[in-house]
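Reviewing the structure listed below.
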Amino acid sequence: MGDKMTLIYIEDTNYLKKIIYLFKKSEISFTTNLNDNFDSILISELNNRTLNLVKKYYLNKRIIFWFHLEEIRFCYNYTKQNKSSLIYKNKLFEILNLCTDIVVSLPFFKNLFEKKLRKSIYVIPRINNKIFSIKTRGLCKKYNLAKNMKKILVIDYNYQYLEWIYSLASNYKKIEFIYIDYTPEFRLTNRKQQLLKNKPSNIKIETIFFEDIFLELLSLSDMVIYLSDLYDYNYLSSALLMKKIVFVKNFYAFESFLVNSKNCYIFDSSNELNKKVGKILNNRISNLSENGYELVKNNNISQIVYMLNQYFKK
């Protein structure tokens, strides 16, 4: 890749390892030492240290904001108008305005920042989780699930839409719902704690799971209801990659990526979700699982390495 050197300045150690791995696979020269001679700087977090670094070098270095790591935090603050959110957004756009390039994971961020910043924004998707072959024999017994019932996997961070799923489970008693969440009870309201104690009999709540457990539960499921945001995006992409029928709660960051009735089914309310699930069960609307798979199938390491190479060649 020539003699160009990029300083990778990322404080999150786990994420830093992922970016270094991609740079090594791409054979792009990099350093993490501020004392080295570098031509560009890649940052991935908004804080005072990165802001000061950018202010120091933006006039004579190429500054790249790899925005993937910041996207969840941005979404948390994007629609809020409280003091802390306004301070965050002002500081963010201060640093973005000083950056040469911004790399995002989804079209929503590209469209938003191009309008606000009037500069080119580049989309490089998040890398899919690795999907491995799973033998489903014996899994129903392992997770105490009914063997001959259709199953819907529910992904809902902090049980935000618990009552929606209870309504759905009450309407479709011959469907088994596998509800995954990892929120401890002390963080839940008294009402949600009571709801969990009085759940419908066709809802199974799995509170302790790792990636292999999630993939096993996903492999058993016929459909997936995704009620989260970017926080659980890896679960969403895995569901699409495993060709599941996916229902997604409408979320602005998925605009121009997930398209209703094209690659998934998008809903805004409990009533709309009930109707769409019913239509799928009665074969009144199409199975879009192949279209969902096509959307994410190429977001593997080799493709991201290729895109990274193309990006640094320009």
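All of the numbers you see were taken from the coordinates with simple rules; none came from a lab. Given the structure is predicted, the values throughout are model-derived calculations rather than measurements. Glycine gets a Cβ as well: all are built from the backbone with ideal geometry, and neighbour counts include every protein chain shown.
Quick look at the values:
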{"quantity": "Three-way shape call for the range 1-141 based on the alpha-carbon gyration tensor, with the a/c threshold at 1.5", "calculated": "oblate"}
{"quantity": "Net length gained if the chain between K313 and V259 were fully extended (0.36 nm per residue, minus Cα distance)", "calculated": "16.3 nm"}
{"quantity": "Distance between the range 9-57 and the range 78-140 - C-alpha centres, whole angstrom", "calculated": "18"}
{"quantity": "Helix 162-171 axis, angle to the chain major axis (alpha carbon atoms, nearest 10°)", "calculated": "40"}
{"quantity": "20 Å cut-off, amide nitrogen to a point 7 angstrom out along N291 Cα→Cβ, residues in the range 108-129", "calculated": "108"}
{"quantity": "Three-way shape call for the range 219-314 based on the alpha-carbon gyration tensor, with the a/c threshold at 1.5", "calculated": "prolate"}
{"quantity": "Mean-position separation - Cα centroids, the range 254-281 and the range 162-240, in angstrom", "calculated": "17"}
{"quantity": "Charge dipole (the range 1-152, unit charges on Cβ, about Cα centre) - positive-most of S40, I152, I102", "calculated": "I152"}
{"quantity": "Flagged links, alpha-carbon separation over 29 Å, of K17/K110; K24/K61; K55/K249; K110/K314; K116/K279", "calculated": "K55/K249; K116/K279"}
{"quantity": "Residue-averaged [θ]222 nm for the chain, counting only DSSP H segments that reach four residues, each worth -39500 (n - 2.57)", "calculated": "-12500 deg cm²/dmol"}
{"quantity": "Net lengthening on full extension, I131/T32 (0.36 nm per residue, minus Cα-Cα)", "calculated": "32.5 nm"}
